């Protein structure tokens with residue numbers, strides 16, 4: 001009895017998804033709970049597994065197709081069932097073709113004969129993504145490829161999307177070079193079925209057999225890469241064959257790539273220098289190596305750069321500094337960290353205190369919590385605080401909503417969740433929009449003092465820094481105290497210097513005497 005394979009139930013904020021990759025073809029046997037297909041949305045990549053053991057008999061939604069929540073993607077038949085006649089034959093079935101059919105296929109495979117041509121298009125981008133950049137072409141014109149092999153990668157400011165071959169054949173023309181900006185569903189290249197090298201159509205040729213084997217190996221390598229791991233492999237230029245996958249079915253996870261990077265066990269072998277390079281190396285101008293590497297700026301990095309430059313060009317930005325004695329907060333953490341962990345199943349950090357102190361200060365100084373919209377000032381009757389999180393791809397700022405009503409435990413749990421999902425690339429765009437104020441913590445990297453840049457359209461940002469013991473005058477005596485420099489950058493078009501200074505002093509007082517947070521004084 002046939003079983004329908006359906007897309008998962010999407011979250012309320014996700015309207016549709018795109019079929020990212022099929023891990024099985026019609027006729028392939030699958031085990032219960034084995035990964036069959038991946039659905040990519042603008043927020044997460046969802047895995048669809050086999051509801052039971054059997055054979056994939058039909059695919060209803062091809063890679064790149066847009067699908068809805070719970071839409072039927074394919075059909076799973078009983079073990080040993082043959083795929084429906086409408087499905088394309090597997091590579092293994094080609095050997096059973098009659099000699100005449102093989103001869104016809106060989107004739108069609110020749111570039112001069114011109115097999116069926118396809119437009120290779122960019123994937124359908126989510127609504128929140130306007131364009132992408134061709135990060136790399138993995139295949140060149142005329143190079144023989146197998147169906148579903150990765151042809152190119154498109155990088156957006158949120159995800160890296162793969163473009164795969166629609167059939168066996170070769171690229172006959174590349175229309176968009178690496179580094180080019182492309183729109184959703186824009187034609188990237190022309191693909192010809194059956195095209196390729198001189199022996200592409202000869203199934204008996206030893207050279208072609210080697211190519212087929214290599215293609216299959218590469219295809220298997222592509223398929224076992226988890227989406228979060230693909231970007232890391234490309235960034236560090238790693239040899240996938242040297243990475244051991246710990247996921248189901250040998251799937252390479254992000255953690256596996258990070259481990260390989262740390263151990264340095266997956267570096268590609270250095271390519272031999274070409275004749276011109278060897279000639280140039282024969283007359284070195286200086287001793288020692290002087291390596292350089294040029295890579296295109298990622299979409300996320302371009303977005304960050306654009307926003308930071310915009311902030312400095314449009315805002316009349318000033319920064320005021322102060323310092324806070326963290327002794328009281330550190331004593332509280334030391335006294336209650338064990339109890340807090342048992343009660344809330346999360347560690348008691350510093351950020352919870354800073355978020356609550358900032359929330360209280362924002363209520364007292366509404367100008368700091370406001371934003372500028374053209375020639376209008378928008379006063380917010382709530383506090384939504386963004387917390388800057390560093391990832392391998394760049395800085396992202398997810399937003400804590402209604403922080404005034406959040407408990408410190410809620411803040412700590414949410415920030416831990418934000419950090420984990422940000423590093424995995426699973427934050428939604430809606431989670432990074434709409435903040436009224438931002439906190440950034442350079443202290444975790446050792447920064448003693450810095451000038452944070454405002455996150456438009458907000459009008460202020462708080463910078464935390466490293467806690468360092470320093471001699472301080474306390475009641476006429478010199479004591480060694482754990483001190484932290486604080487910085488508030490603000491838009492002078494909206495906030496007066498007096499208010500900015502008093503706002504920062506309020507945060508300082510609340511942190512130095514945390515009881516004020518409970519007493520609202």
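The values are calculated or read from the model by the stated rules, or taken from the named source; none is laboratory data. Note that the structure is a prediction, hence the values are computed from the model and not measured. Using ideal geometry, Cβ is built from the backbone for each residue, glycine included, and neighbour counts are taken over all protein chains shown.
Name the residue, out of 372, 377, that is surrounded by fewer than 16 Cβ atoms within 10 Å (Cβ to Cβ), touching a residue at least 40 places away in the same chain (Cβ under 8 Å) and in a strand (DSSP E or B).
On inspection, the qualifying residue turns out to be 377.
Scanning region 508-518 for residues that are within 17 Å of residue 403 (Cα to Cα) and out of contact with any strand residue (DSSP E or B) (no Cβ under 7 Å at 6 or more places or on another chain), which turns out surrounded by the fewest Cβ atoms within 10 Å (Cβ to Cβ)?
518
Looking at 510, 462, 519 in this structure, which one is closer than 26 Å to residue 382 by Cβ and free of Cβ contacts under 8 Å to residues at least 24 places away in the same chain?
When all the criteria are applied, what remains is 519.
Can you tell me which residue in region 380-404 is modelled with the highest pLDDT, limited to those that are under 22 Å from residue 157 (Cβ atoms) and part of a loop (DSSP other than H, G, I, E, B)?
384
So if I check each of 19, 48, which one is part of a strand (DSSP E or B) and surrounded by 20 or more Cβ atoms within 10 Å (Cβ to Cβ)? Before you say what the answer is, go through the steps one by one.
Values: 48 fails: surrounded by 20 or more Cβ atoms within 10 Å (Cβ to Cβ).
Of 19, 48, the one residue that is part of a strand (DSSP E or B) and surrounded by 20 or more Cβ atoms within 10 Å (Cβ to Cβ) is 19.
If we scan region 322-335, do we find a residue that is more than 20 Å from residue 467 (Cα to Cα) and modelled with pLDDT of 95 or more?
no
Can you find a residue in region 407-430 that is in a loop (DSSP other than H, G, I, E, B), modelled with pLDDT of 95 or more, crowded, with 17+ Cβ neighbours inside 10 Å and in contact with a helix residue (DSSP H, G or I) (Cβ under 8 Å, 6 or more places away or on another chain)?
For region 407-430, residues in a loop (DSSP other than H, G, I, E, B), modelled with pLDDT of 95 or more, crowded, with 17+ Cβ neighbours inside 10 Å and in contact with a helix residue (DSSP H, G or I) (Cβ under 8 Å, 6 or more places away or on another chain): absent.
Just checking, does region 90-101 include any residue being within 14 Å of residue 26 (Cβ to Cβ) and either in a loop (DSSP other than H, G, I, E, B) or modelled with pLDDT of 80 or more (or both)?
Scanning region 90-101 turns up at least one residue that is within 14 Å of residue 26 (Cβ to Cβ) and either in a loop (DSSP other than H, G, I, E, B) or modelled with pLDDT of 80 or more (or both).
With region 453-521 as the region, which strands (runs of 3 or more DSSP E) entirely inside it contain at least 3 residues that are farther than 18 Å from residue 325 by Cβ?
Details: elements: 460-464, 467-474, 477-491.
Filter on region 453-521 gives 477-491.
Let me confirm something: among 305, 328, 334, which residue is in contact (Cβ under 8 Å) with a residue 24 or more places away in the chain and part of a helix (DSSP H, G or I)?
Testing whether each residue is in contact (Cβ under 8 Å) with a residue 24 or more places away in the chain and part of a helix (DSSP H, G or I) leaves just 328.
For region 431-452, how many residues meet the condition of being under 15 Å from residue 390 (Cα atoms), touching a helix residue (DSSP H, G or I) at 6+ places or on another chain (Cβ under 9 Å) and in a strand (DSSP E or B)?
Qualifying residue count, region 431-452: 2.
Which of the residues belonging to region 173-195 are part of a strand (DSSP E or B) and more than 21 Å from residue 142 (Cα to Cα)?
Those that are part of a strand (DSSP E or B) and more than 21 Å from residue 142 (Cα to Cα): 181, 182.
Go through region 485-506 residue by residue and tally those that are in contact with a strand residue (DSSP E or B) (Cβ under 7 Å, 6 or more places away or on another chain) and surrounded by 15 or more Cβ atoms within 10 Å (Cβ to Cβ).
14
Looking at region 165-208 only, could you name the residues that are at pLDDT 85 or above and more than 27 Å from the chain's Cα centre (by Cα)?
167, 168, 169, 170, 171, 172, 173, 190, 191, 192, 193 - these are the residues of region 165-208 that are at pLDDT 85 or above and more than 27 Å from the chain's Cα centre (by Cα).
Given the structure, is residue 114 at pLDDT below 85, surrounded by fewer than 20 Cβ atoms within 10 Å (Cβ to Cβ) and within 19 Å of the chain's Cα centre (by Cα)? Full working, then the answer.
On the way: at pLDDT below 85: yes; surrounded by fewer than 20 Cβ atoms within 10 Å (Cβ to Cβ): yes; within 19 Å of the chain's Cα centre (by Cα): no.
No: the conditions fail for residue 114.
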